[in-house]
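The values are calculated or read from the model by the stated rules, or taken from the named source; none is laboratory data. Keep in mind it's a predicted model, so treat the numbers as computed, not measured. Note: ideal-geometry Cβ built from the backbone for every residue, glycine included; neighbour counts use all protein chains shown. Protein only, heavy atoms only, side chains kept; ligands, DNA and RNA dropped before computing areas. Shrake-Rupley method; radii C 1.70, N 1.55, O 1.52, S 1.80 Å.
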Amino acid sequence: MKKIICVLLLLPTLLFAQKSSKNIIKVNLSSLLLRNYNFTYERSLSKHMSFSLGFRTMPYGNVPMEGTISEQIDDKSVNLSRLKLGNIAITPEIRYYFSSKGNQGFYAAPYARYLVYELTAPITVEDKSSGQLMQVDRDFKGKITSMNGGLMFGIQYPIWKNRMVFDFWIIGAHFGTSTGILTAEFKPALTADEQAVLQREVDNLDTSPFKSVGKVTANSAQINTEGPWLGVRGLGINLGFKF
């Protein structure tokens, strides 16, 4: 009877121990430098394969490393203090580990990525065609969404009593499509001349390789964009905990 009681008492511990090798929660430390908070859940499927789901978010706000970037831009019309960015990304992936030791070592990871960027983009237009200086300065706000597929290579290995893991994203890239809508509201309303100046600027925006179409009225303006999307993953330092 004592043996049976001991087995029953130890059973939850034994079950947890078996399960512990199948789940990992990870945080990306290197992304914190860019104000990105990136978390990943990984579930072992076999010795060679696992499934993971990543979530990344950057709170809407000023551009990371704004001061450093401003020093490299020699254009007074580019006002980074008014440029705002935020984003979320959801990334499911399948990993194939080439080692047979159980979800460690070098791996290849095909993945999909859904991205949503929220941004404020200032547009400043100066026109002297009428003989006098006319300036239209407005902030366009909106979202860009993107669907992508890609491939990444990395290496993962256990540390600290096999309860912690170190996961290094070496290099990866994804490709896809994107659509976006940016809008601006005008109070007070634009004059007819200001509308014409801003419409010319919107029509002549160089958004290559994206296509953009814009419409300006007295009270608002809207720019629609669509086109290809390219992104890079790499040099990511992740620490994880097995449970």
For the table 22/161; 84/187; 187/215; 161/242; 141/187, the rows whose alpha-carbon distance is greater than 19 Å are 84/187
With the charge dipole of the stretch 90-243 built from beta-carbon charges (+1 for Lys and Arg, -1 for Asp and Glu) about the Cα centre, the Cα from 107, 189, 209 projecting farthest to the positive end belongs to 107
First measure r as the distance between the Cβ atoms of residue 30 and residue 96, then evaluate 1/(1 + (r/R0)^6) with R0 = 30 Å and state the FRET efficiency to the nearest 0.05. 0.80
Please calculate the 1.4 Å probe accessible area of residue 208, with all protein chains present, and give it to the nearest 10 Å². 100
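By how many nm would the segment from residue 162 to residue 88 grow when fully extended, if each residue of separation counts as 0.36 nm and the alpha-carbon distance is taken off?
The residue 162-residue 88 span can extend by a further 23.5 nm.
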Distance between the C-alpha centers of the stretch 134-166 and the stretch 190-230? Whole Å please. 28
Leaving out ligands, DNA and RNA, and with a 1.4 Å probe, what % of the accessible surface on the stretch 88-216 is carbon or sulfur? 58
Could you give me the percent of Cα pairs per 5 Å distance bin for the stretch 189-243, shortest bin first, beginning at zero and ending with the bin that holds the maximum distance? 4, 15, 18, 12, 10, 8, 7, 6, 6, 6, 4, 2, 1
Difference of contour (0.36 nm per residue) and Cα-Cα distance, residue 219 to residue 243: 3.1 nm
Hey, with R₀ at 41 Å, roughly what FRET efficiency would residue 183 and residue 21 work out to, going by the Cβ-Cβ distance, to 0.05? 0.25
Measuring from label point to label point, each 7 Å out along Cα→Cβ, what is the residue 45 to residue 203 span in nm? 5.3
